[in-house]
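The values are calculated or read from the model by the stated rules, or taken from the named source; none is laboratory data. A quick note: this is a predicted structure, and the numbers were derived from the prediction, not measured. Quick reminder, even Gly has a Cβ in these numbers, built from the backbone with ideal geometry, and neighbours come from all protein chains shown.
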Amino acid sequence: MKQPNYKGLFKYLQLLLDTHKDDFLAGQDAILRVTLPCINKQMEKELKVVLIGIVQGVNLRRSLSKFANILGLRGYVKNEKDGTVVVVAQGSEKKLEELLDWILKLPFPVKVTGMNYEWRTPHKKLSGFKIEKEKSFLQDEAQSFINLTKEIVRLKAERRVPQHVVIIPDGNRRWARQQGLKAWIGHKVSSQPERLKQYFLECRDFGVKYFTFWALSTENLTTRDERELKVLYQIIRDNINEYEKLLET
């Protein structure tokens, strides 16, 4: 690409300033507009980030996708089979830098032990920003948990096993809607005693001392349909004995 002749442009600018110098000094209205070709800071770029550590099964994808959409970026975030998380985002350099800064400040329970990122020129324009999944919702969630436990095992070898693990079954209602079912069906599937037993035993074998399964938040009490809350309470009542048996295993 031919480089712009900045030297010639600045000479032209100086000539215009000299020509209208008296007008400026006399306070006369003088309009001078010079357009200079320059590097556009808002030029579209692409950023690829690979995150290593406790990055799956900790609600990272949803939080990142939400923030990327707020920034108006396009692309996707995806869990890889090796336990890493890959982010590909397109947009202005300024907005991508904001996303990168946000990633660098990820709070607990996310624990990034390694990160690679690369600036690229987009070859294909992506649309929107989404969570990319290769499996169904339940399979995807299960794989995320498996990769999370693998990372905990690795940390255990380094004597950094967390004392307390909390699982928040976020996504039950979305999964149910995707299946065309009532919201509480998702809660029933997620809270099955056998499913919780699997999580409980996994954590116990890894040396975790405390395991918490989040049923609902105080916000749920004011924003959820009353019928849905009744079903949640009924699930807890019906399964409380089975949950207690977990402590005896």
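Structure notes:
- Residues of region 113-155 that turn out to be among the β-branched types (Val, Ile, Thr) and modelled with pLDDT of 90 or more, as a count: 1
- Close pairs (8 angstrom Cβ cut-off, 6 or more residues apart or separate chains): more than 16 Å from SER190 (Cα to Cα) in region 214-236, in a loop (DSSP other than H, G, I, E, B) and of a type in the set (A, V, I, L, M, F, W, C) anywhere: ARG224/LEU216
- Residue in region 87-94 that is among the polar types (S, T, N, Q) and touching a Leu at 6+ places or on another chain (Cβ under 6 Å) present: yes
- Residues of region 184-217 classified as aliphatic (A, V, I, L, M), farther than 16 Å from ILE240 by Cβ and in a helix (DSSP H, G or I), total: 3
- Pick from region 187-234, criterion among the β-branched types (Val, Ile, Thr) and surrounded by 13 or more Cβ atoms within 10 Å (Cβ to Cβ), ranking: modelled with the lowest pLDDT: VAL189
- Residues of region 186-219 that are hydrophobic (A, V, I, L, M, F, W, C) and under 13 Å from PRO169 (Cβ atoms): VAL189, LEU196, PHE213, TRP214, ALA215, LEU216.
- Note on region 187-204: residues that are among the small types (Gly, Ala, Ser) and touching a residue at least 40 places away in the same chain (Cβ under 8 Å) amount to 1.
- Whichever residue in region 90-129 is more than 30 Å from GLN163 (Cα to Cα) and polar (S, T, N, Q) and, among such residues, is surrounded by the most Cβ atoms within 10 Å (Cβ to Cβ): GLN90
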